[in-house]
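Peer 1: Encoded as structure tokens, here's the structure I'll be asking about.
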Amino acid sequence: MFMKTHTVKTADIKERWYVVDAANRPLGRLASEIANVLRGKHHPEFSPHLSLGDHVVVVNAEKISISGDKLEKKLYYRFSGYPGGLKVRSMRDVIEQDPTQVVHLAVRRMIPRNRLGRSLMKKLKIYSGPDHPHAAQKPQGMPPTGY
């Protein structure tokens, strides 16, 4: 007797919307939970090569919790490709300029670095304040992570 492997069809994929409040949440733990939901690892029919994940709306990104002295010591690098084109900013500078960028970079570095990862990042919406324009999608609270 052979067991059949169940494969998910595109028509069977139902995308849900989740909202998560980032206020007083550690950055790394929040980013890993968001990355798991974006990839769809909370679904029993998870397939690593398919986009089974859901949409995630992050609010209050400006109130994220940063432990230790990471505000001064953690550095973000950007390189233009030209000589002398290396730009270095501390986490404090990045948060002052755009608080959503810190959450975006933390999540982006936890998902695959390929076409699938780029399509997953389009499902992430980050807002620095408590308001978001996605009320029509009826977002619900984040699913349990199982940790």
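Peer 1: Can you tell me how many residues in the stretch 114-147 are in a loop (DSSP other than H, G, I, E, B), polar (S, T, N, Q) and surrounded by 11 or more Cβ atoms within 10 Å (Cβ to Cβ)?
Peer 2: Adding up the residues that qualify gives 2.
Peer 1: Out of the residues in the stretch 82-103 that are farther than 20 Å from Ser67 by Cβ and small (Gly, Ala, Ser), which is surrounded by the most Cβ atoms within 10 Å (Cβ to Cβ)?
Peer 2: Here the residue is Gly85.
Peer 1: Against the condition under 20 Å from Ala23 (Cα atoms) and among the small types (Gly, Ala, Ser), how does Ser90 come out, does it pass?
Peer 2: no
Peer 1: Might you let me know whether the stretch 42-51 holds any residue that is within 15 Å of Tyr127 (Cα to Cα) and either modelled with pLDDT under 95 or not acidic (Asp, Glu) (or both)?
Peer 2: no
Peer 1: Turning to a different aspect of this structure: Report, ordered by the first and then the second residue, all pairs with beta carbons closer than 8 Å, sequence separation of six or more or different chains, a first member in the stretch 84-100 that is closer than 15 Å to Ser128 by Cα, and a second member that is small (Gly, Ala, Ser) and not in a helix (DSSP H, G or I).
Peer 2: Partner pairs satisfying both residue conditions: Asp98/Ser128; Pro99/Ser128; Thr100/Ser128.
Peer 1: Would you confirm whether or not the stretch 54-61 contains a residue that is at pLDDT below 95, crowded, with 20+ Cβ neighbours inside 10 Å and touching a Phe, Trp or Tyr at 6+ places or on another chain (Cβ under 9 Å)?
Peer 2: Yes.
Peer 1: Which condition from (1) in contact with a Ser or Thr (Cβ under 8 Å, 6 or more places away or on another chain); (2) modelled with pLDDT of 95 or more is the one that Thr7 breaks?
Peer 2: Here Thr7 clears every test but (2).
Peer 1: Related question: Could you list, in sequence order, the residues of the stretch 11-49 that are among the aliphatic types (A, V, I, L, M), in contact (Cβ under 8 Å) with a residue 24 or more places away in the chain and under 26 Å from Ala136 (Cα atoms)?
Peer 2: Of everything in the stretch 11-49, those that are among the aliphatic types (A, V, I, L, M), in contact (Cβ under 8 Å) with a residue 24 or more places away in the chain and under 26 Å from Ala136 (Cα atoms) turn out to be Ile13, Val19, Val20, Ala22, Ala23, Leu30, Ala31, Ile34, Ala35, Val37, Leu38.
Peer 1: Counting just the residues of the stretch 11-40 that are more than 14 Å from Gly117 (Cα to Cα) and in a loop (DSSP other than H, G, I, E, B), which one comes out modelled with the lowest pLDDT?
Peer 2: Ile13
The values are calculated or read from the model by the stated rules, or taken from the named source; none is laboratory data. Because the structure is a prediction, the values reported are computed rather than measured. Please note: Cβ atoms are built from the backbone with ideal geometry, for glycine as well, and neighbour counts cover all protein chains shown.
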